[in-house]
């Protein structure tokens, strides 16, 4: 069952890669942007954990981007690493840009409880929205609300491990 999900995720990531290549003149006009966030992820296997987020955005046009997202949660007994391909739609509303997003990827969770060390890999469906406030031509302050669905199966569950909610704050750099 896991092999089926891994093959599906790899196929989708390859498809996103080939879609992002585009023609040379489109790449020269739009290019890559990136962002970084810090915040928390609630309702994980180890309750609420500190989270770092890194993402890349390849702009297919001025309002649509695709790219990778990496969430790293190294707090407490739980280490959780999430990698996903994300599509974002940028909606300018004055000085603020509202950016709904969704994607598909995988998550690795490692829980250490005393002498017991458990880990699991699962699919993940992240979605949510970002509000980015422009402070310069190419930089924005951002606040992201993220929801994730996954199927982490660890024996020492403290809480739900199928749905997480996160709140992140950070920066976005546009081309």
Among (1) modelled with pLDDT under 90; (2) more than 20 Å from residue 91 (Cβ to Cβ) - the single one residue 61 does not satisfy: (2)
If I ask for residues that are surrounded by fewer than 16 Cβ atoms within 10 Å (Cβ to Cβ) and assigned to a strand (DSSP E or B), which ones from the range 53-71 would you list? 54, 64, 70
For the range 133-145, what are the residues that are crowded, with 17+ Cβ neighbours inside 10 Å and either modelled with pLDDT under 95 or on the phi > 0 side of the Ramachandran plot (or both)? 140
Would you call residue 99 within 19 Å of residue 79 (Cα to Cα) and in a strand (DSSP E or B)? no
Tally of residues being assigned to a strand (DSSP E or B), over 18 Å from the mean Cα position of the chain (by Cα) and free of Cβ contacts under 8 Å to residues at least 40 places away in the same chain across the range 108-130: 6
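The values are calculated or read from the model by the stated rules, or taken from the named source; none is laboratory data. Here the structure is a predicted model, which means the values were calculated and not measured. Because the Cβ atoms are built from the backbone with ideal geometry, glycine has one as well, and the counts that use them run over all protein chains shown.
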